[in-house]
1. Once R0 is set to 41 Å, what does the formula 1/(1 + (r/R0)^6) return for the Cβ-Cβ distance between residue 288 and residue 254, expressed as a FRET efficiency to the nearest 0.05?
2. What FRET efficiency comes out for the pair residue 208/residue 277, r = Cβ-Cβ distance, R0 = 51 Å, nearest 0.05?
3. Of the cross-linked pairs 72/264; 58/244; 72/279; 58/220, which ones have a Cα-Cα span greater than 30 Å in the structure shown?
4. For every other residue with a beta carbon closer than 10 angstrom to the beta carbon of residue 242, add +1 if it is Lys or Arg and -1 if Asp or Glu, then tell me the sum.
5. Multiply the residue separation of residue 43 and residue 24 by 0.36 nm, subtract the distance between their alpha-carbon atoms, and state the gained length in nm to one decimal.
6. How far, in nm, would the chain grow between residue 128 and residue 270 when pulled straight, counting 0.36 nm per residue and subtracting the alpha carbon separation?
7. Grab the other residues whose beta carbon is less than 12 angstrom from that of residue 306, score K and R as +1, D and E as -1, and report the net.
8. Taking the Cβ of each residue in 289, 224, 178 as the centre, tally the other Cβ atoms inside 10 Å and list the residues starting with the fewest.
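The numbers here are math on the coordinates, done by the rules we state, and not lab data. Being a predicted model, the structure only gives us computed values, none of them experimental. In this analysis, Cβ positions are derived from the backbone assuming ideal geometry, glycine residues included, and neighbour counts consider all displayed protein chains.
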Amino acid sequence: MSAAPIRANPIGYRPSVELIPKIIEGAWPEIARMISRAEAGYEEAIPALSELYKRAGKAHVIGITGVPGAGKSALVSGLIKSFSAPGCRVAVIAVDPSSPFSGGSILGDRLRMSDSAHANRAFVRSMATRGHLGGLASTTLQAVDILDAAGFSPIIVETVGVGQDEVEIVTAAHTVVVLSAPGLGDDIQAIKAGVMEIADIHVVSKADKPEAAATVAAIKGMLVLGSDVNKSFWTTPVLTTSSKTGEGLAGLTSAINEHWSHLKASGEFEIRERHICRKRVLATMDFLVRRRFDEGAQEMAQTFERVVSRELDPVSAAVALLDLNNEH
Ligand SMILES: Nc1nc2c(ncn2[C@@H]2O[C@H](COP(=O)(O)OP(=O)(O)OP(=O)(O)O)[C@@H](O)[C@H]2O)c(=O)[nH]1
Ligand SMILES: [Mg+2]
């Protein structure tokens with residue numbers, strides 16, 4: 001039992017390391033293939049992912065989150081256009097909402113997004129929320145590394161702002177945009193979803209609706225109460241956009257660029273990078289330790305029984321279990 005394999009090597013595959021030169025050149029088929037291999041959790045892909053990680057680190061990663069139906073995909077579609085200046089190669093990872101609330105709008109919005117993506121030569125990839133053997137956050141961030149190494153920037157990650165995995169993904173972005181839609185009840189959705197504090201930029205979507213002003217006021221009120229002291233002199237703006245009329249998109253694009261400049265100028269960038277790296281390593285360790293214990297469930301059950309019968313104390317049991325698992 002080695003430390004890393006998640007799935008055995010697929011037979012008859014071109015080795016992933018051979019895809020690297022093409023990926024670095026920005027070749028879409030190889031990029032897509034590499035993301036699929038990361039998603040599948042192939043052991044064979046690990047050295048290639050490791051190499052790509054070393055070559056990544058230049059892209060501006062933008063996280064966009066908000067409750068289902070907040071207008072994220074429509075907004076991302078607009079952002080693809082506004083970031084399509086010469087030299088900008090935009091990539092989008094849309095983490096599929098598997099929530100039953102998202103209803104049938106997904107496909108339509110996906111198609112709209114891909115129209116905009118096609119016209120602006122942006123790379124768009126959906127990732128399902130289920131079936132990630134190594135954890136959704138870990139896989140999504142590997143996809144970000146691949147796109148980063150391939151020269152894409154910005155890389156926009158759209159996630160539904162509910163669920164621990166999704167929040168974890170979005171907090172690994174450099175710039176976090178939290179989207180709230182007007183008229184989705186009286187609650188501030190960001191608070192409900194626990195993402196109020198992680199916003200670098202608040203956006204009230206669907207500004208063409210008359211209720212938008214009240215949602216802006218509610219968020220501003222909450223920000224005054226919460227006064228974000230830890231953001232090193234960045235004042236979280238509350239902006240409005242309408243994907244229907246295009247209003248506010250240019251303002252949001254500027255705010256995103258300003259936030260990136262702020263991160264670089266203030267030293268906050270290095271702090272965030274350290275934080276993100278630490279979380280990624282710890283999350284992977286957590287996953288690997290749990291998996292080892294799952295595999296050693298029988299030994300573990302026996303050790304528990306010895307603790308129950310007071311033959312063994314809990315601390316010695318834990319030490320023994322860790323040693324036991326390290327021997328493999
Ligand atoms: N009036 C108005 N409707 C909008 C706007 N943006 C999005 N919508 C509508 O709101 C619905 C949800 O939009 P999406 O962009 O799919 O929202 P989402 O947050 O990506 O949704 P999920 O991915 O399902 O969580 C769709 O019916 C859109 O047409 C807008 O600016 N104005
Ligand atoms: Mg969406």
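1. My answer for the efficiency is 0.45.
2. So the FRET efficiency works out to roughly 0.80.
3. Violating the 30 Å limit, Cα to Cα: 58/244; 58/220.
4. Residues close to residue 242 contribute a combined charge of +1.
5. Computed gain between residue 43 and residue 24 is 4.7 nm.
6. 48.1 nm
7. Overall, the nearby charge balance is -3.
8. Ranked by crowding around the Cβ, least crowded first: 224, 289, 178.
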